[in-house]
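See structure below.
The values are calculated or read from the model by the stated rules, or taken from the named source; none is laboratory data. A quick note: this is a predicted structure, and the numbers were derived from the prediction, not measured. Here the Cβ positions follow ideal geometry from the backbone for every residue, glycine too, while neighbour counts run over all protein chains shown.
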2 protein chains.
Amino acid sequence: MLGRFLTYFISWTILGASSLAIAQSTELLTKSELKQIIKLRDSALKSNLGYDILESLTTEVGARMAGTPQDTKAVNWAVAKFKELGFDKVWKEPVTFDTWIRGVETAEVTSPYPQSLHITALGGSVATAKGGVTESVVHFETLDQLKAAKESDVKGKIVFISNKMERTKTGKGYGAAVVVRRNGAIEASKKGAIAVLIRSIGTDSHRMPHTGMMAYSDEVKKIPAAALSNPDADQLERIFKRTKDVSIKLNISSHSGPKFTSYNVIGEITGSESPEEVIIMGGHLDSWDLGTGAVDDGAGVGITMAAAKLIKDSGIKHRRSIRVILWAAEEQGLIGAFAYADAHKNHLKQHIVGAESDFGAGKVYQFSSLVTDKDLPFIDQMEKVFAPLGIARGNNKATPGPDLIPLYQIGMPVFRLSQDGTDYFDLHHTDDDTIDKVDPEAISQNVAAYVVYSLMTAQYKGGLVRPKQAKK
Amino acid sequence: MLGRFLTYFISWTILGASSLAIAQSTELLTKSELKQIIKLRDSALKSNLGYDILESLTTEVGARMAGTPQDTKAVNWAVAKFKELGFDKVWKEPVTFDTWIRGVETAEVTSPYPQSLHITALGGSVATAKGGVTESVVHFETLDQLKAAKESDVKGKIVFISNKMERTKTGKGYGAAVVVRRNGAIEASKKGAIAVLIRSIGTDSHRMPHTGMMAYSDEVKKIPAAALSNPDADQLERIFKRTKDVSIKLNISSHSGPKFTSYNVIGEITGSESPEEVIIMGGHLDSWDLGTGAVDDGAGVGITMAAAKLIKDSGIKHRRSIRVILWAAEEQGLIGAFAYADAHKNHLKQHIVGAESDFGAGKVYQFSSLVTDKDLPFIDQMEKVFAPLGIARGNNKATPGPDLIPLYQIGMPVFRLSQDGTDYFDLHHTDDDTIDKVDPEAISQNVAAYVVYSLMTAQYKGGLVRPKQAKK
């Protein structure tokens, strides 16, 4: 493997240098190669395979939180599914991590207007005292308000942060809001709070709270953290409009569990000329425990498995191998992704490029690249093949999908196929993440997009080097 | 009271006979009366009072299932709110009934694909054996399929009925589907089933099951009955597509409780000429226990209280009294309504006409009457005043809102202000029945509509007699 790697590296360096900023036409895909890909793209649009795989996973396994028995079932499902689909190589790579176990999670206003609230513990949250705690609540509209508060106003209380997430197509509202989920417990604990309740990081208005990972700091006490559904956060705000004297009983029994070994499950279809060079795609196999993980990220699993399978069945010879990685324990902090990057760091250059499908089940509306000028003529080719799918060319500053961050950090080029995420955060990390929300046509469009991405990059004779300034 | 009643009855009979089929112009509202009403209608459109009352009830009381401590809080809230609003008379009338207490309600597929399901017990359901039962499931798409099944295919099993409700503006899909909820347990028990799981009677696709009353028969054993959320029913159907060999563990601990006394809470604004004659409107005060009863029926409470209050504050003299009845224990079977009809049956003729707001928070799009030909010129007047609200004239075959059925059955005329119910059954009887789903503008339009209905009927000098053929 090392020999081939060096050969690849040298030939790429020479090519890159001699061509200056223009890909040689001999590197580009031929008309007949493009014709094959376009034909397969269009037949992918008519295939239900991606949706069928998604249905199989969400029905036969369902929820599959990392570290639970359902996680093991998902791994077994994935190995069996890759084999059933006829992938050339199927294997799994171990990923070991600490687990977190959800337990009781209830909240109720005890005063002034007794009523139950819908909450869910945030991933990693410690428990309340057994049987729960009843305490005064102090309300902040933002994390900054909490940071600015006097300790005497917070000490011994339950902190409620009602910050709202904005709905956007790109998902940028999530980045802005999720800091409350991540750091709410730390900031509240710094002021002596005994627990934190946040408004769900989500854009829906249904009584389904959104879970997701939260962080602790070694410098302050770990306090329980939970999310209220959006309607329940609204309700608590209405109560606070009437009086500041509000008490809540909070009962959370989640706790850490034993170490667990799950697996990145990998299926590959072998390239015809440079099989050691791989095009990466995939989604994460784990989900949260509340829904059945249809949009997060059964969709990514179904889309990328189906794309590779359709390529395999097409009989089109592709120079490089196409590797579908179903990542383990993404939700718990990209644990499978870091394990993979660590295990493969010595073969990084064989990882030509990666893209991950992990933003729901909306259609792809844009593709972004991250290549040096020399490869832009190839991107021009891609643009033409993507266009009939309704996919526009974005910029040349693609950022990695979550599970590609560790590989990206050590130098792998990435593509991004941007999905319309307008409704994604209605469902994300809730009970409601189920397949009834998925449009089969949108899944087929995604499959076609991943066929184009993976098959074109597998055929391209150029090296797909990342611009230097992007390497960090 | 009886003297006045007789006077009214005789004068009405004479008028009705002497005018044949045409209302005398002296009975109709005068131009100046109409002008006052139109002015109030338009200012009602700008008032938030209906929404504010709804917010007060759903925030300060929240869920208020008949027979629970929250029921008592709702009664106290209603008495206080009527008084705060300055109604001329405020009183409550007792309603005593058997209670039903919700308990544990869980379901999980144990085989072939273990996973939890979201269910809620149907109102009135008995419990499973303590700790739950695990049994094979038999699937029927409709109640008729179950009725036609062989006993040997059902005996000892859990019956799953997956019949889907149709979404309509008028709500007619509910009538067609709800028979499964009402009679599912009876029909399943006839064949020896041990429990019944139905697809929720609802049009949403969220993981929130819809509760609602179900019936038992004395002729067959009472078996537990619960509803799956629509996505969970879909999931179970997908599992059944893969195999007929499905087992579920069902654990329900709901049971009947002690007798309870609640109250119909009544507020009245007194008429200037015939105060003993009353125009009835209202909504039901109780709700199911899952949501906060915003669309079912906090909206009706807010709309009708606000309409009467705006009439009171307008200073417009109205001949008849306007009585707002907040009905008790509607969800448990119109218990407050029957109690009221029984208590007032000897003063029926003083109940000039009734309308109930109990179909959510959508705008009114149509009004229907139920009068003899003689009063049609008055309905023509109403049509003109309703029209600018976007409310069209319907037919002259109005049927009563649920709580008016008992009064209707003994002869009271009714109006119907039909609301757009397209989305109503997304929320009906679920956790998700919360005020965030309510459009304040739609509430104001409803308030304006009830101002028109109640003030015009309070002013009309005619008798508003029901056509004979409608009296049953």
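When both residues are 6+ apart or on different chains and their Cβ atoms are under 7 Å apart, which pairs have a first residue that lies in segment B:65-82 and is closer than 13 Å to B:S262 by Cα, and a second that is surrounded by fewer than 20 Cβ atoms within 10 Å (Cβ to Cβ) and among the small types (G, A, S)?
The qualifying pairs are B:G67/B:G257.
Working carefully through the options A:V220, A:V126, A:V137, find the one that is hydrophobic (A, V, I, L, M, F, W, C), at pLDDT 95 or above and not in a loop (DSSP other than H, G, I, E, B). Write out each step before concluding.
On the way: A:V220 fails: not in a loop (DSSP other than H, G, I, E, B); A:V126 fails: not in a loop (DSSP other than H, G, I, E, B).
Testing whether each residue is hydrophobic (A, V, I, L, M, F, W, C), at pLDDT 95 or above and not in a loop (DSSP other than H, G, I, E, B) leaves just A:V137.
Among the residues of segment B:115-159, how many are within 14 Å of another protein chain (Cβ to nearest Cβ) and among the small types (G, A, S)?
1
Would you pick out the residues in segment B:139-183 that are touching a residue at least 60 places away in the same chain (Cβ under 8 Å) and of a type outside the set (K, R)?
B:H139, B:I158, B:F160, B:S162, B:M165, B:T168, B:T170, B:G171, B:G173, B:Y174
Just checking, how many residues over segment B:210-233 are within 14 Å of chain A (Cβ to nearest Cβ) and among the aliphatic types (A, V, I, L, M)?
So the count comes out to 2.
Check whether at least one residue in segment A:236-259 is farther than 30 Å from A:V154 by Cβ and of a type in the set (F, W, Y), and report yes or no.
no
From B:K92, B:K130, B:K150, grab the single residue that is among the basic types (K, R) and within 30 Å of B:L310 (Cα to Cα).
Step by step, each of B:K92, B:K130, B:K150 is checked, and only B:K92 is among the basic types (K, R) and within 30 Å of B:L310 (Cα to Cα).
In segment A:299-352, what residues are small (G, A, S), more than 27 Å from A:M65 (Cα to Cα) and touching a Pro at 6+ places or on another chain (Cβ under 8 Å)?
A:S321
Identify the single condition in (1) under 30 Å from A:T430 (Cβ atoms); (2) in a strand (DSSP E or B); (3) in contact (Cβ under 8 Å) with a residue 12 or more places away in the chain; (4) out of contact with any helix residue (DSSP H, G or I) (no Cβ under 7 Å at 6 or more places or on another chain) that B:S116 does not satisfy, given that it satisfies every other one.
Only one criterion in (1) under 30 Å from A:T430 (Cβ atoms); (2) in a strand (DSSP E or B); (3) in contact (Cβ under 8 Å) with a residue 12 or more places away in the chain; (4) out of contact with any helix residue (DSSP H, G or I) (no Cβ under 7 Å at 6 or more places or on another chain) is unmet by B:S116, namely (3).
Being out of contact with any Leu (no Cβ under 7 Å at 6 or more places or on another chain), closer than 25 Å to B:E151 by Cα and of a type in the set (A, V, I, L, M, F, W, C) is true for just one of B:A215, B:A195, B:A226. Which residue is that?
Answer to the check: B:A215.
Which of the residues that make up segment A:87-114 are within 14 Å of chain B (Cβ to nearest Cβ), over 29 Å from A:K150 (Cα atoms) and of a type outside the set (A, V, I, L, M, F, W, C)?
The answer is A:R102, and nothing else.
A:V61 passes all but one of (1) surrounded by 18 or more Cβ atoms within 10 Å (Cβ to Cβ); (2) within 14 Å of chain B (Cβ to nearest Cβ); (3) within 30 Å of A:Q235 (Cβ to Cβ); which number fails?
Answer for A:V61: the failing condition is (3).
State yes or no: is A:G124 out of contact with any Asp or Glu (no Cβ under 9 Å at 6 or more places or on another chain) and touching a residue at least 60 places away in the same chain (Cβ under 8 Å)?
Working: out of contact with any Asp or Glu (no Cβ under 9 Å at 6 or more places or on another chain): yes; touching a residue at least 60 places away in the same chain (Cβ under 8 Å): yes.
So A:G124 fits the description; yes.
For segment B:168-209, which residues satisfy the criterion of being within 14 Å of chain A (Cβ to nearest Cβ) and touching a helix residue (DSSP H, G or I) at 6+ places or on another chain (Cβ under 8 Å)?
Going residue by residue through segment B:168-209, those that are within 14 Å of chain A (Cβ to nearest Cβ) are B:199-200, B:202-209.
Once the filter is applied, which keeps residues that are within 14 Å of chain A (Cβ to nearest Cβ) and touching a helix residue (DSSP H, G or I) at 6+ places or on another chain (Cβ under 8 Å), segment B:168-209 yields B:R199, B:S200, B:G202, B:T203, B:D204, B:S205, B:H206, B:R207, B:P209.
Could you please find all residues in segment B:64-86 being in contact with a strand residue (DSSP E or B) (Cβ under 8 Å, 6 or more places away or on another chain) and away from chain A (no Cβ under 14 Å)?
Once the filter is applied, which keeps residues that are in contact with a strand residue (DSSP E or B) (Cβ under 8 Å, 6 or more places away or on another chain) and away from chain A (no Cβ under 14 Å), segment B:64-86 yields B:A66, B:G67, B:V75, B:A78, B:V79, B:F82, B:K83, B:L85.
Please indicate, with yes or no, whether at least one residue in segment B:336-345 is surrounded by 24 or more Cβ atoms within 10 Å (Cβ to Cβ) and under 26 Å from B:Y424 (Cα atoms).
Scanning segment B:336-345 turns up at least one residue that is surrounded by 24 or more Cβ atoms within 10 Å (Cβ to Cβ) and under 26 Å from B:Y424 (Cα atoms).
Please go through segment A:401-448 and pick out each residue that is of a type in the set (G, A, S) and in contact with an Asp or Glu (Cβ under 8 Å, 6 or more places away or on another chain).
Matches in segment A:401-448: A:G401, A:A448.
Taking A:V301, is it within 14 Å of chain B (Cβ to nearest Cβ) and either more than 20 Å from A:V79 (Cβ to Cβ) or crowded, with 24+ Cβ neighbours inside 10 Å (or both)?
So A:V301 fails the test.
Hey, any hits in segment B:183-193 for a residue that's basic (K, R), closer than 29 Å to A:S229 by Cα and at pLDDT 95 or above?
No, every residue in segment B:183-193 fails to be basic (K, R), closer than 29 Å to A:S229 by Cα and at pLDDT 95 or above.
Please name all residue pairs, on different chains or six or more residues apart, with Cβ atoms under 8 Å, provided the first residue is in segment A:293-314 and is in the same structural domain as A:Q70 (by TED's automatic domain parsing) and on the phi > 0 side of the Ramachandran plot and the second residue is of a type in the set (S, T, N, Q) and assigned to a loop (DSSP other than H, G, I, E, B).
Every condition considered, the pairs that remain are A:G293/A:S287.
Looking at A:G360, is it within 17 Å of the chain's Cα centre (by Cα) and either part of a loop (DSSP other than H, G, I, E, B) or of a type in the set (S, T, Y) (or both)?
It is true that A:G360 is within 17 Å of the chain's Cα centre (by Cα) and either part of a loop (DSSP other than H, G, I, E, B) or of a type in the set (S, T, Y) (or both).
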